[in-house]
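Structure first, then comments.
The values are calculated or read from the model by the stated rules, or taken from the named source; none is laboratory data. On a predicted model such as this, the values are computed, not experimentally measured, just so you know. For neighbour counting, all protein chains shown are included, and Cβ atoms are generated from backbone atoms with ideal geometry for every residue, glycine included.
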Amino acid sequence: MTILMIKLIASDMDGTLLNEHGKLNEEFFNILDKLKQKGILFVSASGRQYYSLKNKFSKVKDDIIYVAENGSYVIYKGKELSSSILDKDVIEELIKISRQIDGCEIVLCGKKSAYVEKTYPEFITEVEKYYHKYEQVNNFSEIDDDILKFTICDLKGAAENSNKVYSPIFGDKLQITVSGELWLDIINNDVNKGAAIELLQEKFNIKPEETMVFGDYFNDIHMLQSAYHSYAMENAPDGVKKHARFIAKSNAENGVLEVISNKVL
């Protein structure tokens, strides 16, 4: 067996590192300890907010680099390495359009918290899957926070509903990504998971050939392109798989942990 010389491993969470029930396999912590002993950095790269990711890794929270909000917020050992803030005028315009699209609810994702106006069960059930810390406000104009990401929870399906409204209007100005069946994420145009990985590669003097990444959805494509050792999950759509050099077993089969164990440790 060939053991690869890897210095940085980045993995998406939902549909990738987490199983089909959204749980983290306990074996991950043993693997992380071995990676740490080898001096290999581990990155959790997700559309989730920072607080949600930190909660998932609460036992080892300072041993993880967090690429949160699809690359808009990068944190390591409690310190911000980078952030990208949406312009307030842009947010107002996005809100105005969203209010006209049937089936859509807004989540504004800030540094301090996520924010919602509505709290009905169908919506909040989805919010609580990905946002560990959120606040209900009467109006988004009340928020005093830097907004990193504008997110739509599209109960009619993001790809066929809200994405078809936003992409023609803002596609050349903002990064618009279908990040899940019900989720549309909007961030600044120069921000994505791949750009965040490239920032970390530069900061820690790591080459793409020394980087391994795992992803399963369209918001992972830039990240897959940032590393030579790029793995799409077996459960990923074909449109994502074509951007990866390799395929890992599905998240239900702990594909990420298997590849790391067999190829790196």
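If the requirement is being without any contact (Cβ under 8 Å) to a residue 40 or more places away in the chain, more than 14 Å from Q49 (Cα to Cα) and more than 16 Å from the chain's Cα centre (by Cα), which of these qualifies: E181, E117, E135?
Exactly one of E181, E117, E135 is without any contact (Cβ under 8 Å) to a residue 40 or more places away in the chain, more than 14 Å from Q49 (Cα to Cα) and more than 16 Å from the chain's Cα centre (by Cα), namely E117.
Is at least one residue of segment 163-172 crowded, with 23+ Cβ neighbours inside 10 Å and touching a strand residue (DSSP E or B) at 6+ places or on another chain (Cβ under 8 Å)?
Taking every residue of segment 163-172 in turn, none turns out to be crowded, with 23+ Cβ neighbours inside 10 Å and touching a strand residue (DSSP E or B) at 6+ places or on another chain (Cβ under 8 Å).
Can you pull out every residue in segment 138-178 that is over 21 Å from the mean Cα position of the chain (by Cα) and part of a helix (DSSP H, G or I)?
Scanning segment 138-178 gives F140, S141, E142, K164, V165, P168, I169.
Identify, please: which residue in segment 212-265 is among the hydroxyl-bearing types (S, T, Y) and not in a strand (DSSP E or B) and is, among those, nearest to the chain's Cα centre (by Cα)?
Y217
Among the listed residues L41, L32, L53, L24, identify the single one that is over 30 Å from K173 (Cβ atoms), touching a residue at least 40 places away in the same chain (Cβ under 8 Å) and assigned by TED's automatic domain parsing to the domain that holds N251.
L41
Out of all the residues in segment 248-261, is one or more surrounded by fewer than 19 Cβ atoms within 10 Å (Cβ to Cβ), at pLDDT 95 or above, in contact with a Gly (Cβ under 7 Å, 6 or more places away or on another chain) and closer than 30 Å to C153 by Cα?
yes
Select from segment 115-137 the residues that are assigned to a loop (DSSP other than H, G, I, E, B), farther than 21 Å from E80 by Cα and of a type in the set (K, R) and list them in ascending order.
K118
Restricting to segment 179-211, and then to whatever is touching an Asp or Glu at 6+ places or on another chain (Cβ under 9 Å) and not in a strand (DSSP E or B), can you tell me which residue is surrounded by the fewest Cβ atoms within 10 Å (Cβ to Cβ)?
Ranking the candidates gives E181 first.
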